1. So, R0 is 56 Å and r is the distance between the beta-carbons of Glu236 and Asn174; what FRET efficiency does that work out to, to 0.05?
2. Assuming R0 = 22 Å, what is the FRET efficiency of Asp295 and Leu326, from their Cβ-Cβ distance, to the nearest 0.05?
3. Multiply the residue gap between Arg39 and Lys314 by 0.36 nm, knock off their C-alpha separation, and tell me the result in nm, one decimal place.
4. How far apart, in nanometres, would the label points at Asp197 and Lys90 be if each is projected 7 angstrom from Cα along the Cα-to-Cβ direction?
5. Considering only Cα-Cα distances, which of the following residue pairs are longer than 23 Å: Lys31/Lys358; Lys37/Lys88; Lys90/Lys231; Lys139/Lys218?
6. What is the angle, in °, between the Cα long axis of helix 120-137 and the longest principal axis of the Cα atoms in the chain? Nearest 10 is fine, range 0 to 90.
7. Go through the range 24-98 and name the trypsin sites (Lys or Arg not before Pro) that are in a DSSP coil and have 10 or fewer other Cβ atoms within 10 Å of their Cβ.
8. Whenever you get a sec, line up Glu74, Glu155, Glu80 from highest to lowest accessible area (probe 1.4 Å, protein heavy atoms).
Amino acid sequence: MAKNKYIDIDITNLPTPSFLVDERLLKRNLKILKDVKDRTGCKILLAQKGFSMFYFYPLIGHYLDGTTASSLFEAKLGYEEMEKKFTKKKLETHIFNPSYRDDEFDEILDITNHIVFNSFAQWNKFKGRVQEKIKATGKHISCGLRVNPEFSEVETEIYNPAGRYSRFGVTIENFKEDELEGLEGLHFHALCEQNSDALENVLKVFEEKFGKYLHGMKWVNFGGGHHVTRKDYDVEKLIKCINHIKETYNVQVYLEPGEAVALNTGFLVSEVLDITKNEMDILLLDTSASCHMPDVIEMPYRPFIFGSGLPNEKKYTYRLGGPTCLAGDIVGDYSFDEPVKVGDKLIFTDMAHYSMVKTNTFNGINLPSIAVYTEKDGLKVIRTFKYEDFKNRLS
Ligand SMILES: *Cc1c(COP(=O)(O)O)cnc(C)c1O
């Protein structure tokens, strides 16, 4: 398993653990998204929550229209590493936060050009400061309101932004028609890893409830969760949905996917450090579910490893555990055709999104290095971490 037959990149000298993102795969996704833009006139923003690998922001900005953020820091990263890096092409920096802080709002006004508010109270509170900024600088800042269609086909409740009692967006019951003055757009986000039939269904409800307010506005943002770059995604239906809204209401449509940008573009390469036995065979890896791929525990889900099968599907079955002292730091049970040896490399697939952005140094476990493969330079380690990265978050 050390000499690798699963990827065409020579990883012999790659330190482990490492996130490795393949620019060729990222470009493939970006081209699919660009095609949707070209055929509809919609704008597509990178939702940084899912993928904040700013090394690739110049590439992403070449295909897409900018970034969106959920916080001041994400907005700043998008502004500095994407919008500001382009002089000829005008890119955008959007933000949605469920509750803006007084002490961060001035900086948000400096670096963003689209601000989405989560309630009429927040809009009324900050509206004056937006208008003053526009007057003082001449810079246009377009404000929008997040609405909650109270309809979603997301089945996992922690990933359902439109479920009962959700704190996201204004429901039709709480909508205040007479406080819309100055708002230029509506935003909803009700999908998670879904196909365009789920979007079509959400749109029907969104239109019924909020369509009449969209006339006279400038834009509508369909949020994220569109799994556009997945093999079975129905792009034609997405295009129909966008064109329908654009033509009915004469508005600019935005999409802000995170996952779809980086889906299936990266790996987490780890090494087997030890093999023990307690009723079953156990592999001790140098990567941790808790620290390096927390969604495995939180979501939860089972990542794929090249060459592996379900437990007992292949001849040799192992439980895979991490280097922390948390009993539950387990990736899962996997089987292989050949016995695994200490020093073997295991390659987890689809690790570019929602892993790198969620890593932590719990138990003092170091973060994985970050590497890229590009056609121009081949394999390159672009970041490694050390003791200070752990220490600097504590005192
Ligand atoms: C999480 C999120 C996104 C991105 O979702 P993906 O599932 O990564 O596409 C976009 N917009 C908002 C408001 C979000 O909360």
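The values are calculated or read from the model by the stated rules, or taken from the named source; none is laboratory data. Model, not experiment: these values are computed from the prediction. Because the Cβ atoms are built from the backbone with ideal geometry, glycine has one as well, and the counts that use them run over all protein chains shown. All accessible areas refer to the heavy atoms of the entire protein, side chains included, with ligands and DNA or RNA removed. Shrake-Rupley method; radii C 1.70, N 1.55, O 1.52, S 1.80 Å.
1. Values: r = 36 Å, r/R0 = 0.64.
The value I calculate is 0.95.
2. Values: r = 15 Å, r/R0 = 0.70.
The value I calculate is 0.90.
3. Numbers: separation 275, 0.36 × 275 = 99.00 nm, distance 4.55 nm.
Fully extending the segment from Arg39 to Lys314 adds 94.5 nm.
4. So the two model labels end up 4.1 nm from each other.
5. On the way: Lys31/Lys358 26 Å; Lys37/Lys88 19 Å; Lys90/Lys231 31 Å; Lys139/Lys218 17 Å.
Pairs exceeding 23 Å: Lys31/Lys358; Lys90/Lys231.
6. Tilt relative to the chain: about 80 degrees.
7. Working: sites: Arg24, Lys27, Arg28, Lys31, Lys34, Lys37, Arg39, Lys43, Lys49, Lys76, Lys84, Lys85, Lys88, Lys89, Lys90; in loops: Lys49, Lys88, Lys89, Lys90.
Hits after loop and neighbour filter: Lys88, Lys90.
8. On the way: Glu74 40, Glu155 175, Glu80 75 Å².
Largest to smallest exposure gives the sequence Glu155, Glu80, Glu74.
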